[in-house]
Each structure stands twice: as structure tokens, then as C-alpha cells.
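The values are calculated or read from the model by the stated rules, or taken from the named source; none is laboratory data. In this text, all values refer to a predicted model and were calculated from it rather than measured experimentally. Note that we place each Cβ from the backbone using ideal geometry, even for glycine, and neighbour counts take in every protein chain shown.
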Amino acid sequence: MEKHINHLSPNWPVSLGRWLTAGLLLLGLALWVSQTAVTTGQETSDSLIYLPLLAKPAEPQPPAATATPEPENTPTPENTATPTPSPTPELDPAKLFVETFDGDPAAPEIWTDENWEITIHQRDNDRLYEMLPMQAQHGPNCEAPDATHTVTSHEANLYICKNHMMTANYGASDNGGYGMVYFTPNRTLDATGDWQVQFDLSTYRVNRVRNWVDIWLTPYDENLQLTLHNWLPDLQGTPPEAIQIRLDQDNSFLVYHHQNGDEIRIEPDEYSAIHENFEDYLTDPVRYMKLRSTFFFGVVDGRLKIGMPEHDMWWYDQPAPETLNALRWQQTVVQFGHHSYTPTKLCDFSYFPEACAAGNGADTFHWDNVLLYPATEFTLIHGSPRLITPSTMQTFTAQTPAPAGAYLRFGGIGDNLEVSFDEGATWQAAVEQAHTRAEDNEHFRSYWMPIPEGTSAVQFRGENWGNGDNEWAARDISIWSKQAPETDGGSDRLRSQLSAAEHDFFKSLISGKRSPESFMCDFNGPREKTVVSN
């Protein structure tokens with residue numbers, strides 16, 4: 001029996017005005033970051049990175065009044081003065097990670113980046129090599145939605161148009177289907193104190209019951225490449241410890257703590273919660289295919305805050321879970337996910353049933369301006385090929401040798417998977433990462449095992465599964481190490497300065513008063529900025 005996403009969409013109002021003062025503006029301008037130079041005619045959203053909730057500047061205090069002697073025998077009044085707020089925390093630009101997905105190609109361009117790990121999964125064996133065709137948003141020449149182009153390869157699930165990135169996921173196959181995409185930056189987040197994950201995302205969903213996004217926060221040593229709810233029909237469950245923030249079917253974000261097989265929903269504060277979602281922003285489907293809104297997930301002054309700061313709309317604003325104080329959360333892996341569960345079903349529940357039926361329920365999400373703070377870089381080594389099977393090349397070649405203390409990370413399916421780090425002289429069993437669901441050899445599994453320092457080639461072998469009718473496979477292979485790369489190389493981020501022309505626009509953004517058109521896929525308003533090297 002299929003179990004659908006729960007419904008709850010709480011919110012309670014807060015005021016951004018107490019955070020957004022002139023001091024914060026100056027701080028945000030000093031830390032404003034972008035990867036590349038931006039020229040007039042590109043999307044404004046790519047140039048707008050801000051930290052609206054990370055630090056509250058001290059509120060100005062009224063000047064001290066001249067003391068007036070009290071008459072004799074007059075009771076001393078109670079002290080009702082407001083305590084002096086703590087000074088604004090000092091932010092470290094070195095711990096700020098920003099991805100703006102810059103690029104304005106003439107046609108949709110497959111997105112890869114050395115700073116990101118990409119995992120693309122389809123449940124059924126008949127979809128191992130390619131997916132069923134879907135119509136993904138943006139046309140063949142990157143025309144704005146509702147123009148589309150056809151996607152059939154897994155690698156083309158993530159692509160660039162108009163200076164932002166799309167995930168186009170179609171979890172359908174001849175036998176039903178489940179599909180997901182994860183993209184993970186080579187940064188760990190320190191989630192033991194105040195922290196922030198922020199990004200821009202389109203709000204349109206053609207099939208809200210069968211397509212959703214989520215964010216997984218997992219301690220580094222427990223990260224699971226193919227993490228998924230235990231009740232869904234695929235994979236092996238969740239990491240032993242994880243926090244998940246998931247978009248549910250009624251367009252509100254819910255928070256779950258996954259612990260040793262238990263899924264515990266963190267309920268919103270019942271005293272301040274009001275039911276609200278962003279259905280109000282879906283009245284024009286084409287518009288909300290194009291428009292990207294800013295979402296904030298994080299802890300501010302010990303309070304868990306999840307919402308849309310531009311609209312002063314919050315699903316959570318309450319004390320953060322005490323579990324985040326544990327040492328394991330100092331190095332937290334952040335995974336961004338897009339899920340598609342047989343989207344051809346339940347189009348009747350869609351806000352746009354006709355569009356859902358016409359497109360077989362497949363959805364495209366538009367992402368931009370991903371921000372993490374405080375973040376620390378770790379070593380992520382890519383290589384090729386992406387997929388290894390008995391009928392393809394069976395050696396993975398890394399771009400650089402593994403450093404000390406590194407781990408081999410991949411998804412695999414089949415019986416008795418083994419790896420060799422010495423050109424086949426010796427073999428050892430592939431080691432599964434800890435997970436919360438019982439073994440099932442008909443599903444892909446996540447592997448995580450030490451790899452010797454200096455290794456740059458890994459051979460794979462295994463046994464076919466399902467009475468030998470289905471090929472074993474290893475996929476989305478990489479090498480991870482906690483230590484930072486020896487040199488910045490291509491991961492060096494450029495610092496930017498706002499032009500005078502953009503100054504007013506920046507102020508309108510962080511005050512929640514920017515024009516919604518500025519984050520549109522077809523926006524061609526003016527913008528410019530001067531880029532200086534770090």
C-alpha cells in the first residue's frame with residue numbers, strides 16, 4: 001500500500017524588521033559573494049546573495065537621560081530598561097559557501113561541477129541505462145517556460161539555462177517507478193550553533209502528491225548516498241542519524257528527525273503556528289514555473305527557523321532540537337533532493353490536473369543561489385565512468401589519487417560486490433554504509449569504505465541478481481576525505497562588489513520589497529557588478 005506525504009502546513013508571523021537594519025546591510029554587502037562576472041541582460045537573481053537572518057545587529061539604544069533626583073519617601077521604580085543586546089556576531093567569509101549556477105548557454109547544458117557530488121537514481125532495472133522521456137522546462141534554445149525540451153538521459157536530469165540550474169526527474173518505468181536526484185556540495189556545515197541553508201526554488205508543481213524536494217542534514221561519518229524514507233518502495237532507509245526538511249503535498253515544509261529507524265516529526269510550536277502555505281503563489285502556473293522564491297532553513301539565536309523571509313512567512317520559529325548540540329553535527333553533510341514517485345498517478349489531486357495528465361505528472365524544479373554558513377570544504381574527487389556494469393568498463397579512474405583518510409563512496413546493486421585497489425591482485429568485499437532498513441538485494445545500496453592513500457583506480461566485480469537475470473552495477477562513484485584540498489584550484493570563489501546601481505535593489509531584496517519579476521526565467525532587467533579576485 002502506498003503511503004503519501006502527510007499534510008500539515010503551520011506558520012506563524014515574525015518581523016524581519018528587527019533584523020534588517022543598516023548595520024546588517026553593510027555586513028551583507030561586505031560578504032556578498034558570486035562566482036563569475038555578470039553582465040547586463042542576465043538574471044538579477046544570480047547577483048543577489050544575502051544573509052538576512054544570520055546575524056542580528058544590536059538595536060540602537062536611546063541616549064541616556066539626565067538623572068533627576070527623586071523626592072524623599074518616593075518608592076524607587078522598578079528597572080524596566082531593555083537589556084543591551086549582544087553585539088552582532090562576526091561572520092567569517094572563509095566559511096561562506098555560495099553557488100550561483102552561472103551560465104547562459106544557447107541550449108540546455110548538462111550541469112556538472114567539481115564542487116558538487118551528483119547522484120541520479122531510478123528504481124527499476126529497466127531504467128538502469130536511460131530513463132523514460134520527459135518534457136523538461138526551458139525550450140531547446142533555453143526559451144523560458146512553459147517551453148520544454150525532451151530529456152532521456154540520466155545525466156541530463158540536471159542542466160543549466162538562464163543562469164540557474166534545473167532538476168528534471170521522472171520516476172516512471174515499465175513497472176511503476178521511483179526516481180530521485182541528489183546534489184551535495186563539498187562542504188560540511190557546522191550545525192551545533194547558529195547556521196543557515198538558503199536557496200531559491202520555483203514553487204510550481206504539476207503533481208504535488210508525487211513530486212517533492214527535500215534537504216537532508218547528516219553527520220559526515222554517517223552520510224548515506226541514497227537516503228530515503230523507510231516507508232517508500234525503494235532503497236534501504238535513512239542514516240542512523242539525520243535531520244530532514246521535506247516539502248509536503250500541501251506546500252509546507254516539515255521537519256523530521258531520523259534516528260535508528262524511527263522517523264520523528266518535529267512539530268511546530270502550537271502556540272504560534274498558523275496554517276499557511278504558498279498556494280497563494282500558484283494562481284498562474286506559467287508564472288510560477290519561471291519564478292524562484294527564497295527559502296531559509298537554519299538556527300538563529302538557538303531557534304529553528306524555516307520559511308520564506310521575503311514574504312515573512314514561517315513554518316517553524318521555535319527552540320532548535322537539543323539533539324543538534326551533539327559533537328557529531330560539527331561536520332554535517334547537506335544533500336539537496338528532488339523525488340518523483342510514479343508521477344503518472346493521482347493527477348486528480350493536482351492544482352493543475354489537465355497539465356499533470358498531459359505531462360504524465362513529471363516536474364521540473366528551478367534552483368539558484370544556494371548558500372551555506374558556516375561551511376568548511378572537504379576533498380571531493382570525481383572520476384569516470386559514472387556507471388559500471390559487466391557489459392561496460394569495470395575500472396573507475398579518479399581525477400586525482402586518494403588522500404590519507406579517504407573513503408570510496410558509491411551506489412551499487414547485485415550480489416557479492418567486490419573492489420580491488422591494486423589492479424586486481426587482491427579483492428575485498430564492498431562495505432555498505434549503515435542504514436535503517438532490512439537488506440533487500442532488489443534495491444540499490446549505499447557503499448562507504450576506506451580507500452588506501454594514493455589509489456587512483458578502483459576495479460569492481462560482482463554477481464548478477466534476481467536469478468542472474470539482472471546485471472550488477474556500481475554507479476555515481478567518488479572519493480571523499482574530511483581534509484580540505486591542498487590548493488583552492490577551481491573551488492576558489494570570487495568576491496564581488498555591488499555597483500551603485502544595484503545598491504537600492506539589494507536593499508529592496510533584503511527588506512522583502514523587491515519586484516517578484518527579478519527572479520523570473522525570462523527577466524532581462526539591467527544589472528552589473530564588478531568582480532575582484534579573492
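Which of the numbered conditions does ARG303 fail, given that it passes all the others? Conditions: (1) modelled with pLDDT of 90 or more; (2) closer than 23 Å to VAL255 by Cβ; (3) within 20 Å of the chain's Cα centre (by Cα).
It fails just one condition, (3).
Condition (residue is without any contact (Cβ under 8 Å) to a residue 60 or more places away in the chain and surrounded by 14 or more Cβ atoms within 10 Å (Cβ to Cβ)) applied to the range 369-377: is it met by at least one residue? Spell out how you get there, then give the answer.
Step one: of the range 369-377, the residues without any contact (Cβ under 8 Å) to a residue 60 or more places away in the chain are none.
No, because not a single residue in the range 369-377 is without any contact (Cβ under 8 Å) to a residue 60 or more places away in the chain and surrounded by 14 or more Cβ atoms within 10 Å (Cβ to Cβ).
With respect to the numbered conditions (1) free of Cβ contacts under 8 Å to residues at least 60 places away in the same chain; (2) crowded, with 18+ Cβ neighbours inside 10 Å, which one is the sole condition not fulfilled by SER384?
(2)
Output yes when any residue across the range 274-287 is at pLDDT below 85, basic (Lys, Arg), outside any strand (DSSP E or B) and in the same structural domain as VAL197 (by TED's automatic domain parsing), and no when none is.
Quick first cut of the range 274-287, residues at pLDDT below 85 only: 274-287.
After this cut, where a residue has to be basic (Lys, Arg) as well, the list is 287.
Restricting the remaining residues to those that are outside any strand (DSSP E or B) gives 287.
Right, trim to in the same structural domain as VAL197 (by TED's automatic domain parsing) and you get 287.
Within the range 274-287 (the criterion being at pLDDT below 85, basic (Lys, Arg), outside any strand (DSSP E or B) and in the same structural domain as VAL197 (by TED's automatic domain parsing)), the answer is yes, since at least one residue qualifies.
Among (1) crowded, with 24+ Cβ neighbours inside 10 Å; (2) small (Gly, Ala, Ser); (3) part of a loop (DSSP other than H, G, I, E, B), there is one condition ALA107 misses while meeting the rest; what is its number?
Looking at each condition in turn, ALA107 falls short on (1).
Residue-by-condition table, conditions (1) among the hydroxyl-bearing types (Ser, Thr, Tyr); (2) without any contact (Cβ under 8 Å) to a residue 60 or more places away in the chain:
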{"position": "ASP92", "(1), (2)": "no, no"}
{"position": "PHE97", "(1), (2)": "no, no"}
{"position": "ASP124", "(1), (2)": "no, yes"}
{"position": "TYR129", "(1), (2)": "yes, no"}
{"position": "MET180", "(1), (2)": "no, no"}
{"position": "ALA191", "(1), (2)": "no, no"}
{"position": "PHE199", "(1), (2)": "no, no"}
{"position": "ARG205", "(1), (2)": "no, no"}
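Which ones in the range 289-335 are of a type in the set (Lys, Arg), closer than 28 Å to VAL181 by Cα and either without any contact (Cβ under 8 Å) to a residue 40 or more places away in the chain or crowded, with 22+ Cβ neighbours inside 10 Å (or both)? Talk me through it step by step, then tell me what you get.
Looking only at the range 289-335, we keep the residues that are of a type in the set (Lys, Arg), and these are 290, 292, 303, 305, 328.
Within this subset, residues satisfying the condition of being closer than 28 Å to VAL181 by Cα are 290, 292, 305, 328.
Once the filter is applied, which keeps residues that are of a type in the set (Lys, Arg), closer than 28 Å to VAL181 by Cα and either without any contact (Cβ under 8 Å) to a residue 40 or more places away in the chain or crowded, with 22+ Cβ neighbours inside 10 Å (or both), the range 289-335 yields LYS290, ARG292.
Where residues in the range 443-463 are in contact with a Phe, Trp or Tyr (Cβ under 9 Å, 6 or more places away or on another chain) and part of a loop (DSSP other than H, G, I, E, B), which of them is surrounded by the fewest Cβ atoms within 10 Å (Cβ to Cβ)?
Initially, the range 443-463 is screened for residues in contact with a Phe, Trp or Tyr (Cβ under 9 Å, 6 or more places away or on another chain), giving 446-452, 455, 457-463.
If we keep only those that are part of a loop (DSSP other than H, G, I, E, B) as well, we get 451-452, 455.
Details: ILE451: 23, PRO452: 12, THR455: 16.
By that ranking, first place goes to PRO452.
If you go through the range 166-173 one residue at a time, do you hit one that is crowded, with 17+ Cβ neighbours inside 10 Å, over 27 Å from PHE199 (Cα atoms), at pLDDT below 85 and touching an Asp or Glu at 6+ places or on another chain (Cβ under 8 Å)?
Looking only at the range 166-173, we keep the residues that are crowded, with 17+ Cβ neighbours inside 10 Å, and these are 166-173.
Of the ones still in play, those that are also over 27 Å from PHE199 (Cα atoms) are 172-173.
Retained after the next criterion (residues that are at pLDDT below 85): 172-173.
Okay, now just the ones that are also touching an Asp or Glu at 6+ places or on another chain (Cβ under 8 Å), so 173.
Yes, the range 166-173 contains at least one residue that is crowded, with 17+ Cβ neighbours inside 10 Å, over 27 Å from PHE199 (Cα atoms), at pLDDT below 85 and touching an Asp or Glu at 6+ places or on another chain (Cβ under 8 Å).
Kindly indicate whether any position in the range 342-362 is buried (at least 23 other Cβ atoms within 10 Å of the Cβ), touching a residue at least 60 places away in the same chain (Cβ under 8 Å) and aliphatic (A, V, I, L, M).
The answer is yes; a qualifying residue exists.
Scan the range 458-471 and tell me whether some residue there is over 23 Å from GLY237 (Cβ atoms), hydrophobic (A, V, I, L, M, F, W, C) and touching a Pro at 6+ places or on another chain (Cβ under 8 Å). Give the derivation first.
So the first thing to find is which residues in the range 458-471 are over 23 Å from GLY237 (Cβ atoms), and the list is 458-461, 463-464, 467-469, 471.
Still in the list and also hydrophobic (A, V, I, L, M, F, W, C): 458, 460.
With the extra rule that they be touching a Pro at 6+ places or on another chain (Cβ under 8 Å), the set shrinks to none.
No, because not a single residue in the range 458-471 is over 23 Å from GLY237 (Cβ atoms), hydrophobic (A, V, I, L, M, F, W, C) and touching a Pro at 6+ places or on another chain (Cβ under 8 Å).
Given (1) closer than 26 Å to GLY139 by Cβ; (2) outside any strand (DSSP E or B), identify the lone condition not met by ARG328.
(1)
Can you name the residue in the range 235-252 that is assigned to a strand (DSSP E or B) and not basic (Lys, Arg) and, of all such residues, is surrounded by the most Cβ atoms within 10 Å (Cβ to Cβ)?
Out of the qualifying residues, it is LEU247.
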